[in-house]
Amino acid sequence: MEKITKDHAALAEAFIQNEEHVDWHDGALWWIRQKRDIASKKIPEWEALREAASQIKNNVLSNLHDYLLQFEANATRNGIKVHWAADAEEHNAIVYSILKEKDIRQLVKSKSMLTEECHLNEYLIERGVDVINSDLGEYIQQLDNEPPSHIVLPCIHKRKEEIGALFHEHLGTEKGVSDPTLLTRVARKHLRNVFVTRRAALTGVNFAVAETGEYVVCTNEGNADMGAHLSDVQIASMGLEKIVPQKKHLAVFLRLLARSATGQPITIYSSHFKRPREGQEMHLILVDYGRSRQLGRPAFRDSLKCIRCGACMNTCPVYRKSGGLSYHNTISGPIGAILAPNLDMKKHADLPFASTLCGSCSNVCPVKINIHDQLYEWRQVIVREGYAANTKVFGMKAMAWTLSSPTSYARMGKAGRWVLNNIPFAVNNKLNPWFKQREMPDGRKGSFDEWYAKNNDQTEEADEH
Amino acid sequence: MNSRENILADVLKNQPPARPLPDTDVFKDDSQHVVSTYCDVFTSIGGQVFLAKNWCEVSALIPRNFDATKRIITTLQELSESFELISTTADPHTFNDVELAVIEAELAVAENGAVWLPEQRMGQRIIPYICQHLAVVIPAHVIVATLHEAYAQIGEGNYGFGAFIGGPSKTADIEQALVLGAHGAITMTVFILEQSPDVPFAA
Ligand code: SF4
């Protein structure tokens, strides 16, 4: 799992082999993007909410030290045991020690990208602890021994027939059954049994309120709650950046989160955990794992504002066409591509290049992260540090040169169109990873400048009528 | 090595200069149509709505819409003659056979269909999740327009656990096909009680 030798382009190549599948993936995600648009347009103050969310997160990042202390003090007063983990290893060791102390060898986990980032499951399984992911999508991914391909829709890259085959193999369903309702019912029954027999449950955290010391977990399936309320020991893992200052700020984020993610007005369950149940233990682990370092990078710190809605993935033309697994990082898509190089610049050097820089991600982001600007910034850093692959360096240098001068831009545009019209195979070859499995578009007859110059007079004429 | 001290020191060193909090009190909605909006939204997310004039109507609607031969539990004294009252001390696992739980919301939010349930209203934390079907009584006057009004009313809140629940549990993880009833309740029904709270039961 750790040894990644293939880059995004190579992994995407495998994904795009099945054209029908890629078209389905592309269409399914675009449909979710459209649902997001419809939901957001029903809220007249949508843009003001995005701005408020962005400003609240700016405030959080600028005062994170004090908010963390305030949250810790309030959570502790509420009876939650707060732990601090510098990295993945320490986080995993804390979880293990909590379980070991109680002699617990089985854990049920709800969706948590952080524990995926930390490879908690592998760590625990090596030490004899059985872990079951209870979110249906993550459960399916676990059966298939694959990481999630999307932070909200973990198995969006799979067809129902593949899932049916997995259920047949692992859960004994009849061969060939692929009806989503039927498969969901089978998983429901199977996981009920898991919930009622596990003494320990782990959840992620969407928001943690400094003012009150409570934390909020959002799900649609109810799996986080089923695990948590039946457990003797409840553990929550959260990245440092999940803090919000005051409880009333939850209104802003909960209004934005589900609408941005799936077009729902709110997730079905928004659970506020403040104190352990009578007789229960509640632990919360605050995890740094590169976050404080990212906070110190002025060009990239805004990536810590992310509320993990997945909208930037759903809208991204590269993500939709290449699939989440081709990003070889827990958080995929545009946001993953600006978070990952902070953790390991060499290993993830290819990701900021997996973008057309069209800016659609930044336009839909509910907390207004300038994602595409950061992708561009990372490219500069990666090239400067000497991590870029040779083809990319050439491509980027050419692009930087082209964009830096209006005349060369005009000339390159003409040259590009000439190439497209006269020797299309020159771009449609294996040196250009973007155009595998794709027909190149016909070259247009003129550039925008030429079109504008030609049409401007006519437009003015038209205006006079 | 003390990670807490190290992390806090790194955060302090790396955090940017102070930025102000925005004024979020500007978000207000004094819509007069909260009940009808609530009904529309809740229906659109797969929930079922009944308008009831009084508790008698609620009580009568339950056996007509649910399997009364199975276990039905409630926190509501008004329904205790017909249904089992929830024990707040029983082991939560003992509720795994519950067909229907009937509880009362403290608040409901028109814009998203969610009800606010602090744990005291649930009987036990597990109840609204473990039951096969969930029914929630909402006195009409507790419906507010948006989450901003809801949090303003909740304030600090005296609960160890509380949740917004906005519909039956669901998943679309398999090919984006919507399936109601993932791990929590398969259906969610609300009874909007039209009477004001101080009108006696028999009114
Ligand atoms: S970067 Fe923005 S759009 Fe992407 S997941 Fe995070 S919050 Fe959502």
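Among the residues of the stretch B:26-35, the ones that are over 18 Å from the mean Cα position of the chain (by Cα) and open to solvent by less than 80 Å² (accessible area, probe 1.4 Å) come to 3 in all.
Considering the stretch A:118-154, and only residues there that are of a type in the set (S, T, N, Q) and outside any loop (DSSP other than H, G, I, E, B), the residue that is nearest to residue A:344 (Cα to Cα) turns out to be A:121. If you go through the stretch A:138-162 and pick out every residue that is under 24 Å from residue A:218 (Cβ atoms), within 12 Å of chain B (Cβ to nearest Cβ) and away from the ligand (no atom under 16 Å from the Cβ), you end up with 7. Only one of the numbered conditions (1) within 16 Å of the ligand (Cβ to nearest atom); (2) open to solvent by 20 Å² or more (accessible area, probe 1.4 Å) is violated by residue A:304, and that is (2).
Among the conditions (1) open to solvent by 30 Å² or more (accessible area, probe 1.4 Å); (2) more than 14 Å from the ligand (Cβ to nearest atom); (3) more than 25 Å from residue A:55 (Cβ to Cβ), residue A:296 misses just one, which is (3).
Please determine whether any residue of the stretch A:343-359 is near the ligand (Cβ under 9 Å from one of its atoms) and either within 14 Å of another protein chain (Cβ to nearest Cβ) or crowded, with 24+ Cβ neighbours inside 10 Å (or both). Scanning the stretch A:343-359, I find no residue that is near the ligand (Cβ under 9 Å from one of its atoms) and either within 14 Å of another protein chain (Cβ to nearest Cβ) or crowded, with 24+ Cβ neighbours inside 10 Å (or both), so the answer is no. Here the stretch B:162-179 is the region considered, the condition is being within 23 Å of residue B:111 (Cα to Cα) and of a type in the set (A, V, I, L, M, F, W, C), and the residue that is surrounded by the fewest Cβ atoms within 10 Å (Cβ to Cβ) is B:178. Residues in the stretch A:333-357 that are in contact (Cβ under 8 Å) with a residue 40 or more places away in the chain, assigned to a loop (DSSP other than H, G, I, E, B) and of a type in the set (Val, Ile, Thr): 0 in all. Elements of the type helices (runs of 4 or more DSSP H) sitting completely within the stretch A:1-65 and holding at least 3 residues that are open to solvent by 70 Å² or more (accessible area, probe 1.4 Å) and either within 14 Å of another protein chain (Cβ to nearest Cβ) or more than 15 Å from residue A:316 (Cα to Cα) (or both): these cover A:19-41. Scanning the stretch B:15-50 for residues that are more than 19 Å from residue A:245 (Cα to Cα) and in a helix (DSSP H, G or I) gives B:34, B:35, B:36, B:37, B:38, B:39, B:40, B:41, B:42, B:43, B:44. The single condition from (1) over 30 Å from residue A:260 (Cβ atoms); (2) open to solvent by less than 10 Å² (accessible area, probe 1.4 Å); (3) in a loop (DSSP other than H, G, I, E, B); (4) not acidic (Asp, Glu) that residue A:173 fails is (2). Of all residues in the stretch A:7-38, those that are among the small types (Gly, Ala, Ser) and under 20 Å from the mean Cα position of the chain (by Cα) total 4. When the residues of the stretch A:95-117 are filtered to those that are open to solvent by less than 20 Å² (accessible area, probe 1.4 Å) and within 14 Å of chain B (Cβ to nearest Cβ), the one that is nearest to the chain's Cα centre (by Cα) is A:110.
So that you can scan it fast, the table gives a plain yes or no per residue for (1) surrounded by fewer than 23 Cβ atoms within 10 Å (Cβ to Cβ); (2) within 14 Å of chain B (Cβ to nearest Cβ); (3) more than 13 Å from the ligand (Cβ to nearest atom):
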| residue | (1), (2), (3) |
| --- | --- |
| A:310 | no, yes, no |
| A:317 | yes, no, yes |
| A:328 | yes, no, yes |
| A:339 | no, no, no |
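Of (1) within 14 Å of chain B (Cβ to nearest Cβ); (2) away from the ligand (no atom under 16 Å from the Cβ), residue A:324 satisfies all except one. Which? Result: residue A:324 passes all but (2). Going by what's in this entry, would residue A:69 be described as farther than 20 Å from residue A:150 by Cβ and surrounded by fewer than 17 Cβ atoms within 10 Å (Cβ to Cβ)? Criteria met by residue A:69. Scanning the stretch A:366-394 for residues that are in a loop (DSSP other than H, G, I, E, B), without any contact (Cβ under 8 Å) to a residue 60 or more places away in the chain and over 16 Å from residue A:327 (Cα atoms) returns A:385, A:386, A:387.
Name every residue in the stretch A:185-239 that is facing chain B (nearest Cβ under 9 Å), open to solvent by 10 Å² or more (accessible area, probe 1.4 Å) and assigned to a loop (DSSP other than H, G, I, E, B), in order of residue number. Of everything in the stretch A:185-239, those that are facing chain B (nearest Cβ under 9 Å), open to solvent by 10 Å² or more (accessible area, probe 1.4 Å) and assigned to a loop (DSSP other than H, G, I, E, B) turn out to be A:211, A:220. Scan the stretch B:42-58 for residues that are among the β-branched types (Val, Ile, Thr) and either open to solvent by less than 30 Å² (accessible area, probe 1.4 Å) or in contact with a Lys or Arg (Cβ under 8 Å, 6 or more places away or on another chain) (or both) and the total you get is 2. Would you confirm whether or not the stretch A:310-332 contains a residue that is part of a loop (DSSP other than H, G, I, E, B) and out of contact with any helix residue (DSSP H, G or I) (no Cβ under 8 Å at 6 or more places or on another chain)? No: zero hits.
The values are calculated or read from the model by the stated rules, or taken from the named source; none is laboratory data. Note that the structure is a prediction, hence the values are computed from the model and not measured. Note that we place each Cβ from the backbone using ideal geometry, even for glycine, and neighbour counts take in every protein chain shown. Heavy atoms of the whole protein, side chains included, go into the accessibility calculation; ligands, DNA and RNA do not. Shrake-Rupley method; radii C 1.70, N 1.55, O 1.52, S 1.80 Å.
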